[in-house]
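My questions will all concern the structure given below.
The values are calculated or read from the model by the stated rules, or taken from the named source; none is laboratory data. Everything numeric in this text was worked out from a predicted model, so none of it was measured. Neighbour counts run over all protein chains shown; Cβ positions are idealised from the backbone, glycine included. Areas reflect the complete protein model, heavy atoms only, side chains present, ligands, DNA and RNA absent. Shrake-Rupley method; radii C 1.70, N 1.55, O 1.52, S 1.80 Å.
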Amino acid sequence: MRLSTTDIYSFQALGYLGMQELDRWVSSDEISEHTGIARPYLVRILALLSSKNIIKSKKGIGGGYALARKPHLISLCEVVRAVDGPVAPLSCISLNWHEDCPEEPRCFARNKIWRRIRDAVLEVLGEMTVADLVQDFKQGNNYSYCLNHLLRPNV
């Protein structure tokens, strides 16, 4: 599993929203200003998160975006799945998007390596929540170094 730019931007936006009162509607302009995420890209991310009931949106004057639940009730696993789909590195071990492979019963790597990687990633992402992202946002961490690492070409 590799985090995407969209994952990191989602984490930034959710960290900012998590600092707000649950009933406070925040505009995409405000989120963009405080996170540095380009508004057109941010709006697409917010639409994804809204479609998966991670955040809620309200149109019109006084509208905007807010978390759908308290920050500690939204796991990062839920966020990554909403943004990127499967967490598993291969479809033959995916819990939600499984595709059969004729080699499954006798595939050593699938049964001894890939499943363990999937389970470890799911465990960590399941334990971490938007409340953890809020801690970073409060300290001024904006994940720009994470983005630089993601965007660095493989050598």
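Please work out the Cα center distance from the range 19-56 to the range 91-106, rounded to the nearest Å.
35 Å
Quote the relative contact order of the chain in percent (integer), defining contacts as alpha-carbon pairs under 8 Å separated by 6+ residues.
About 31 percent, as a whole number.
Got a number for carbon plus sulfur as a percent of the range 44-138's accessible area, 1.4 Å probe?
Here it works out to 54 percent.
Below 28 Å, Cα to Cα, which lysines can K59 reach? Residues fewer than 8 away in the same chain don't count.
The reachable lysines, counting only those whose Cα sits under 28 Å from K59, are K70, K138.
Lone cysteines in the chain, defined as no other cysteine's Cβ under 4.7 Å from theirs: which are they?
By the Cβ distance rule, which asks for a partner under 4.7 Å, the isolated cysteines are C77, C107, C146.
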